[in-house]
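Inspection log for the structure reproduced underneath, given as structure tokens.
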């Protein structure tokens with residue numbers, strides 16, 4: 001179990017890759033997006049092999065390593081891509097009238113349906129496939145999984161790469177709506193961390209419900225108080241959960 005504080009930076013890099021592939025190199029956006037996710041998957045594999053694998057057995061070391069890596073990647077993005085926001089092209093322009101009540105941007109609708117598809121894919125992968133069962137077995141008891149013929153080194157590597165790819169997928173589908181900047185990764189990492197703590201470590205259902213709850217609370221705060229304070233409520237929720245229910249809404253108490 002590795003807490004990856006560099007998730008936000010992987011999100012940002014995917015957005016930048018998508019932008020430069022589609023705008024600078026002229027790659028169609030529909031192809032630039034999966035290529036960017038593939039790049040992030042490869043980066044995740046490299047991170048696990050070189051930086052994370054030596055820290056297995058001591059979660060504090062992996063936490064420190066990924067925290068340092070997030071700072072390095074953030075400054076690398078600032079150096080390579082510059083401080084200005086970049087916005088990849090939309091997959092679908094315009095807006096759709098929903099139920100005759102309001103217009104909603106087509107790119108937001110596309111992002112919504114892609115997100116639903118990814119969630120269904122991950123649920124199927126984790127719950128129904130040999131790979132998903134191997135991930136759960138290794139996370140629960142690495143030695144026993146190895147005795148049953150599971151290559152835990154390979155499973156750890158691929159699962160870390162999958163997590164990185166999911167961060168990249170979020171980056172490429174959100175970047176056309178909210179342009180990416182090097183410093184924007186901090187808010188992304190904070191949101192991801194709060195969602196995991198709120199939902200419960202290791203609970204997919206908890207992460208989904210936790211993400212929805214956090215989104216509703218932050219947007220209500222932005223609407224009725226001020227957009228300047230929306231992320232403060234993430235910290236407040238994090239503190240309250242850690243104090244009163246540290247295992248999260250759907251996590252298992254240990």
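The values are calculated or read from the model by the stated rules, or taken from the named source; none is laboratory data. In this text, all values refer to a predicted model and were calculated from it rather than measured experimentally. A quick note on method: Cβ atoms are made from the backbone with ideal geometry, for glycine too, and the neighbour counts reach across all protein chains shown.
From the list 201, 228, the lone residue that is outside the structural domain of residue 42 (by TED's automatic domain parsing), modelled with pLDDT under 80 and outside any loop (DSSP other than H, G, I, E, B) is 228.
Whether any residue in segment 54-69 is closer than 30 Å to residue 140 by Cα, in contact (Cβ under 8 Å) with a residue 24 or more places away in the chain, in a loop (DSSP other than H, G, I, E, B) and over 17 Å from the mean Cα position of the chain (by Cα) is what I want to check. Yes, some residue in segment 54-69 is closer than 30 Å to residue 140 by Cα, in contact (Cβ under 8 Å) with a residue 24 or more places away in the chain, in a loop (DSSP other than H, G, I, E, B) and over 17 Å from the mean Cα position of the chain (by Cα).
Does any residue of segment 35-44 turn out to be assigned by TED's automatic domain parsing to the domain that holds residue 159, touching a residue at least 40 places away in the same chain (Cβ under 8 Å) and farther than 19 Å from residue 165 by Cβ? Looking through segment 35-44, none of the residues is assigned by TED's automatic domain parsing to the domain that holds residue 159, touching a residue at least 40 places away in the same chain (Cβ under 8 Å) and farther than 19 Å from residue 165 by Cβ. Here residue 176 fulfils each of the conditions (1) at pLDDT 90 or above; (2) over 14 Å from the mean Cα position of the chain (by Cα); (3) not in a loop (DSSP other than H, G, I, E, B) apart from (3). Within this structure, residue 137 passes the test of being in a helix (DSSP H, G or I) and surrounded by 15 or more Cβ atoms within 10 Å (Cβ to Cβ). On the given criteria, is residue 187 surrounded by 18 or more Cβ atoms within 10 Å (Cβ to Cβ) and out of contact with any strand residue (DSSP E or B) (no Cβ under 9 Å at 6 or more places or on another chain)? When the stated conditions are applied, residue 187 does not pass them.
Matching residues to (1) surrounded by fewer than 21 Cβ atoms within 10 Å (Cβ to Cβ); (2) under 23 Å from residue 200 (Cα atoms):
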site	(1), (2)
6	no, yes
26	yes, no
30	yes, no
45	yes, no
49	yes, no
63	yes, yes
68	yes, no
94	yes, no
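Could you list all residues from segment 78-106 that are under 27 Å from residue 20 (Cβ atoms) and assigned to a loop (DSSP other than H, G, I, E, B)? Of everything in segment 78-106, those that are under 27 Å from residue 20 (Cβ atoms) and assigned to a loop (DSSP other than H, G, I, E, B) turn out to be 82, 83, 84, 85, 87, 88, 89, 90, 91, 92, 93, 94. If you check 144, 157 for being part of a helix (DSSP H, G or I), surrounded by fewer than 14 Cβ atoms within 10 Å (Cβ to Cβ) and assigned by TED's automatic domain parsing to the domain that holds residue 48, only one passes: 144.
Take the conditions (1) modelled with pLDDT of 95 or more; (2) over 24 Å from residue 201 (Cβ atoms); residue 40 misses just one of them, which is (2). For first residues located in segment 235-254 and farther than 16 Å from residue 213 by Cα, partners that are surrounded by 11 or more Cβ atoms within 10 Å (Cβ to Cβ) and at pLDDT 85 or above and lie 6+ apart or on another chain with Cβ distances below 7 Å do not occur.
Out of all the residues in segment 97-119, which are over 15 Å from residue 170 (Cα atoms) and exposed (fewer than 13 other Cβ atoms within 10 Å of the Cβ)?
Of segment 97-119, the ones over 15 Å from residue 170 (Cα atoms) are 97-106.
Selection gives 97, 98, 99, 100, 101, 102, 103.
Taking segment 179-223 as the range and being over 21 Å from residue 6 (Cα atoms) and within 12 Å of the chain's Cα centre (by Cα) as the test, no residue passes. Just one of 109, 120 is farther than 26 Å from residue 189 by Cβ, in a helix (DSSP H, G or I) and out of contact with any helix residue (DSSP H, G or I) (no Cβ under 9 Å at 6 or more places or on another chain); which is it? So the residue among 109, 120 that is farther than 26 Å from residue 189 by Cβ, in a helix (DSSP H, G or I) and out of contact with any helix residue (DSSP H, G or I) (no Cβ under 9 Å at 6 or more places or on another chain) is 109.
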